[in-house]
Amino acid sequence: MVTFARAAVASLMLAAIGAQQKPDFSGRWVMVSPAQGAGAEQVVKHNDKTLTIEHLSSGGSHRQAYEIDGVEHRSTLASRGQEIVTLYTASWDGTRLVIASRTTYPNGMKTQSKEIWSLDAQGRLVIDYTESGPGGQPGPATKVTYVKKQ
């Protein structure tokens, strides 16, 4: 009887851990920090398989989609008649979405980046971003915070 009770408690604890809710990043988000980017907007569509980000830029809108499956994928972006090629992996680390990328530009320059997406206690979207430059030297870490536009 005691063994059954322990097994039942252990099963419930494992179910609670496994049921940890992953956040839904969907929405129209407005950057509040860092200050130099404040006011910039992006639209995020998110489901259990993909994360799609769209934002306006000087050349029109840019759209990037990520498959959230832990497998390396290839994406391309046309820029002035040439391709920027990115290899990325998107996967969950608990309730945080981690996107690791390696990008090659038409001029041969290569960079690596990592984005860690999460929602803070106030429901703000927080993206911790790091990037290494062409020589592999690490760049500064940046924390970007967005609030959901109503």
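The table below lists the values:
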| item | result |
| --- | --- |
| Any chance THR104 is of a type outside the set (Gly, Ala, Ser), in contact with a Gly (Cβ under 8 Å, 6 or more places away or on another chain) and modelled with pLDDT under 95 | no |
| Which numbered condition THR86 fails, given (1) surrounded by 13 or more Cβ atoms within 10 Å (Cβ to Cβ); (2) more than 20 Å from LYS110 (Cα to Cα); (3) among the polar types (S, T, N, Q) | (2) |
| Qualifying residues in region 120-132 (those that are crowded, with 16+ Cβ neighbours inside 10 Å and of a type in the set (A, V, I, L, M)) - the one nearest to ARG74 (Cα to Cα) | ILE127 |
| So SER61, is it polar (S, T, N, Q) and touching a residue at least 12 places away in the same chain (Cβ under 8 Å) | no |
| Failed item, numbered, when SER61 is tested on (1) surrounded by 11 or more Cβ atoms within 10 Å (Cβ to Cβ); (2) over 13 Å from the mean Cα position of the chain (by Cα) | (1) |
| Residue list for region 133-150, filter: touching a Ser or Thr at 6+ places or on another chain (Cβ under 8 Å) and surrounded by 15 or more Cβ atoms within 10 Å (Cβ to Cβ) | VAL144, THR145 |
| Entirely in region 36-139, the strands (runs of 3 or more DSSP E) that have 3 or more residues that are under 17 Å from ASP24 (Cβ atoms) | 41-46, 50-57, 60-67, 82-93, 96-104, 110-119, 125-132 |
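Matching residues to (1) under 26 Å from THR145 (Cβ atoms); (2) surrounded by 13 or more Cβ atoms within 10 Å (Cβ to Cβ); (3) touching a residue at least 60 places away in the same chain (Cβ under 8 Å):
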{"site": "ALA38", "(1), (2), (3)": "yes, no, no"}
{"site": "ARG74", "(1), (2), (3)": "no, no, no"}
{"site": "LEU77", "(1), (2), (3)": "yes, yes, no"}
{"site": "ARG80", "(1), (2), (3)": "no, no, no"}
{"site": "LEU97", "(1), (2), (3)": "yes, yes, yes"}
{"site": "PRO106", "(1), (2), (3)": "no, no, no"}
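The values are calculated or read from the model by the stated rules, or taken from the named source; none is laboratory data. Only a predicted model underlies this, so the values are computations on that prediction, with no experimental measurement involved. Positions of Cβ are backbone-derived with ideal geometry, glycine not excepted, and every protein chain shown enters the neighbour counts.
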